[in-house]
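K.L.:
Before I ask anything, here is the structure I am working with.
The values are calculated or read from the model by the stated rules, or taken from the named source; none is laboratory data. Keep in mind that this is a model prediction, so the values were computed, not measured. For neighbour counting, all protein chains shown are included, and Cβ atoms are generated from backbone atoms with ideal geometry for every residue, glycine included. The area values use the complete protein model at the heavy-atom level, side chains included, leaving out ligands, DNA and RNA. Shrake-Rupley method; radii C 1.70, N 1.55, O 1.52, S 1.80 Å.
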Amino acid sequence: MVILSIFPWCFTPELYADKPDYIQALADFVRSRPAQPLESFIQQSNAVIAHDVEAQLGRISAPTQITFGRHDVVTSTRFADRMTGSIHGSELLIFEGCAHAPIYEKVDEFNQKTLAFLQRHAGQIAQGA
């Protein structure tokens, strides 16, 4: 169910077309994990739908990198202004050519930019921001 129903929301059609072996490897990984009972999946889905922490965003004081895929329709960039406006000093990073999972679609770019962010803020992170 995850592979057929959720993967298409996480990855762009281009990734499917350009890297079918990679999509297959991700699917094989998901299949290798213990199956989640349907009732648990429904409970988790309902929790995600009901979860709203927008009022708490202003309490975040740690260095924060906010990432979006440009083509993410689940958590689209329409949320970017509210998030960056609420989290003081946050940094916004939008990955072009990605859907919901830039960490899997643009692995090298995601890792490089995230590592650079962590290195820039290493002192703040070590001190507890």
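K.L.:
In the range 65-105, which residues have a backbone nitrogen under 16 Å from the label point lying 7 Å from E54's Cα in the Cα-to-Cβ direction?
P.N.:
Output list for this probe position: 75-87.
K.L.:
A further question follows. If you roll a 1.4 angstrom probe over the protein chains with everything in place, what fraction of the accessible area of the chain belongs to carbon and sulfur, to the nearest %?
P.N.:
Of the solvent-accessible surface of the chain, carbon and sulfur hold 58 percent.
K.L.:
Quick one: what Rg and Dmax do you get for the range 14-126 from the alpha carbons, in Å?
P.N.:
For the range 14-126, the Cα radius of gyration and maximum Cα-Cα distance read 16.7, 44 Å.
K.L.:
Still on this structure, please answer the following. Working with all protein chains in place, sort C10, C98 by solvent-accessible area computed with a 1.4 Å probe, largest first.
P.N.:
Descending accessible area places them as C10, C98.
K.L.:
Here's another thing I want to ask about it. To the nearest 20 debye, what charge dipole does the chain have about its Cα centre, counting +1 at the Cβ of each Lys and Arg and -1 at the Cβ of each Asp and Glu?
P.N.:
That gives the chain a dipole magnitude of about 280 debye.
K.L.:
Which listed residue (I23, P8, A47) has the Cα farthest towards the positive end of the charge dipole for the range 7-66, taking +1 on Lys and Arg C-beta and -1 on Asp and Glu C-beta about the Cα centre?
P.N.:
Value computed over the given set: A47.
K.L.:
May I ask you to give the solvent-accessible area per residue for the chain, in square angstrom, as obtained with a 1.4 angstrom probe?
P.N.:
70 Å²
K.L.:
Here's another thing I want to ask about it. State, to one decimal in nm², a quarter of the convex hull surface area for the C-alpha atoms of the range 18-81, i.e. the direction-averaged projected area.
P.N.:
So the mean shadow area of the Cα hull is 7.1 nm².
K.L.:
OK, next. At 0.36 nm per residue, and after removing the present C-alpha to C-alpha distance, how many nm does the segment from D108 to V30 gain when stretched out fully?
P.N.:
Length gained, D108 through V30: 26.0 nm.
K.L.:
A further question on this structure: Ordering S76, S86 by how much accessible area each has at a 1.4 Å probe, largest first, what is the list?
P.N.:
S86, S76
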